[in-house]
1. Here are some residues: B:68, B:79. Which one is more than 11 Å from every other protein chain (Cβ to nearest Cβ), of a type in the set (S, T, N, Q) and not in a helix (DSSP H, G or I)?
2. State whether one or more residues within segment A:138-157 are assigned by TED's automatic domain parsing to the domain that holds residue A:92, without any contact (Cβ under 8 Å) to a residue 12 or more places away in the chain and closer than 26 Å to residue A:239 by Cα.
3. Quick one: count up the residues across segment B:216-231 that are at positive phi and in contact (Cβ under 8 Å) with a residue 40 or more places away in the chain.
4. Are any residues in segment B:69-104 charged (D, E, K, R) and either in contact with a Pro (Cβ under 6 Å, 6 or more places away or on another chain) or surrounded by fewer than 23 Cβ atoms within 10 Å (Cβ to Cβ) (or both), and if so, which ones?
5. When residues of segment B:40-96 are filtered for being over 26 Å from residue B:170 (Cα atoms) and aromatic (Phe, Trp, Tyr), how many remain?
6. Picking from B:17, B:44, which residue would you name as being crowded, with 22+ Cβ neighbours inside 10 Å and modelled with pLDDT of 95 or more?
7. Just a yes or no: is a residue in segment A:238-254 part of a loop (DSSP other than H, G, I, E, B), assigned by TED's automatic domain parsing to the domain that holds residue A:134 and over 29 Å from residue A:69 (Cα atoms)?
2 protein chains.
Amino acid sequence: MKMDPRCTYCLLSRVHYEAELATDDKDKIYRAITECMDVMRNTYKPGVAAGVVSTAVHRKAYEIIENNDPYYNLKELSNSTAQKVYPAAKDLIYQNEPSLKEAFRRAILAAVIGNYFDFGVMGFDVGEDVFDETFMNVFYKGLDVDDTSEMFKMLDNVVYVADNCGEIILDTFVFDLIKKTGGNITLVVRGEPILTDVTMADVRQLNLEDKVDRVLTTGCNAIGVAFDEAPQELLEAFDKASLIISKGMANYETLSERKMGPIAYLLQTKCESVAQDMGLEKGYSVAKLMR
Amino acid sequence: MKMDPRCTYCLLSRVHYEAELATDDKDKIYRAITECMDVMRNTYKPGVAAGVVSTAVHRKAYEIIENNDPYYNLKELSNSTAQKVYPAAKDLIYQNEPSLKEAFRRAILAAVIGNYFDFGVMGFDVGEDVFDETFMNVFYKGLDVDDTSEMFKMLDNVVYVADNCGEIILDTFVFDLIKKTGGNITLVVRGEPILTDVTMADVRQLNLEDKVDRVLTTGCNAIGVAFDEAPQELLEAFDKASLIISKGMANYETLSERKMGPIAYLLQTKCESVAQDMGLEKGYSVAKLMR
């Protein structure tokens, strides 16, 4: 996905958000905002990929606030919130003895609802206090784009690109269903902390290694996946996958820039720019397969 | 009021908004966003007044989109919307034969509600379709800060600094009440089009000259009042006023930078930065007197 003019102020608002998470020092916050504007000015050219700008901007912000994981506490909060909703979600997915295919569809829906976990997206905040309620409401509303039937036929060798903490706990329902169909799962997480995204530390803390066949990382702290910084084995895993499942907007922004597939994007369209790029509306729950 | 880090992305979002009002040309929109970032970078220093940055930014935006009045159609829309609510508002103000003082309080409330007219403020949009309903709801809720009793004693020689079109039609209730107390009114409007603000063209179109004793302008298209570009007679009017009444956030941002008064700020606190600067909360209906 290409950088949209709207991404400029959304990015700056997120820089401000994470700067305030890390520090009360007004001078540092001022420097974070203004030096990130410089970075944006140097990287935002017509036609540039959004991920190139956002990665450079967040790296500069982390450098100035001198904190490589300002979202640390929010990640913990997301995980504990998701753990609370987990039993009710499991009941919903397996109620009335669904077929494997129907259970898979419901697990995907739960994973898409998990993408509501996000902090600092401009105008988008689902606090931990209302996540339970949000989960139930969206579960009964269902997916706005539902390509799960097609996806269900392609689970032989899945590469699953994770997004946020909290969300990852609901992703495990999908892992369980893929395993039940006999499929193989390669989970991909970030190489280093960035935003509220899952890293190897979270994988270990949540025992996710037991749920999948192997875990790879993006090799760095880029927003989404930066192919020029990605390990060779990740590129090979993408090449060999029967299906890539990509969670969230940042993975969409970066994976959509490279010809590969088939790839299923699971996300909430939290902003107009991504929704428009996908040919959808803002506020959709999406499981969209692209070949 | 000083520039807050939050003003950076709010300003950029407004540049984008007005660029899209004026043009579909993606290159122009890109240039408006990026060159306004340059202007912001050059003007935003710690401690700078917010109005200095916002005036420079909007002037650059108007230059690049080659349009000196991108909000023209929205101004017309605001005026026609306000005209529709005018009769019901008048009934509310004068119902049950109020005292002059009580009618003044209600007229001020109506004028503060009029400050909901605004387009392009990030996260804040009261469309013309819901303004009627908004008016009634806020009228019955009343003012969150109500210094109208004090103001009522100071109406001898009022300088009234107008803000948006639409809003100005509800301001006339206040003009009527000031005249009924025997007071004198100098209305101040912008010297040239900027955002949806009232100019001399609007004053003539709406026959506002009949409602007040004289009309002055800010002498330019600055956001709020730029004192270094203001006509001498405006500065003298401020000096001689028994009470300055200032409408809206932009006038607050600029007038609060200069020692003068007494001054009453009538506004909706539409953003955290202004609310915080006034020691209030976002979402308040405010008539606050400062000496």
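The values are calculated or read from the model by the stated rules, or taken from the named source; none is laboratory data. Remember, predicted model here, so these are calculated numbers, not experimental data. Note that we place each Cβ from the backbone using ideal geometry, even for glycine, and neighbour counts take in every protein chain shown.
1. None of the others qualify; the one that does is B:68.
2. yes
3. 1
4. B:69, B:76, B:84, B:90, B:91, B:97, B:101, B:102
5. Residues that pass the stated criteria total 2.
6. Every option except B:44 fails the conditions.
7. Within segment A:238-254, one or more residues are part of a loop (DSSP other than H, G, I, E, B), assigned by TED's automatic domain parsing to the domain that holds residue A:134 and over 29 Å from residue A:69 (Cα atoms).
Per-residue answers, yes or no, for (1) in contact with a helix residue (DSSP H, G or I) (Cβ under 8 Å, 6 or more places away or on another chain); (2) without any contact (Cβ under 8 Å) to a residue 60 or more places away in the chain; (3) outside the structural domain of residue B:163 (by TED's automatic domain parsing); (4) on the phi > 0 side of the Ramachandran plot:
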{"site": "B:80", "(1), (2), (3), (4)": "no, yes, no, no"}
{"site": "B:83", "(1), (2), (3), (4)": "yes, no, no, no"}
{"site": "B:87", "(1), (2), (3), (4)": "no, yes, no, no"}
{"site": "B:90", "(1), (2), (3), (4)": "yes, no, no, no"}
{"site": "B:93", "(1), (2), (3), (4)": "yes, no, no, no"}
{"site": "B:96", "(1), (2), (3), (4)": "no, yes, no, yes"}
{"site": "B:100", "(1), (2), (3), (4)": "yes, no, no, no"}
{"site": "B:104", "(1), (2), (3), (4)": "yes, no, no, no"}
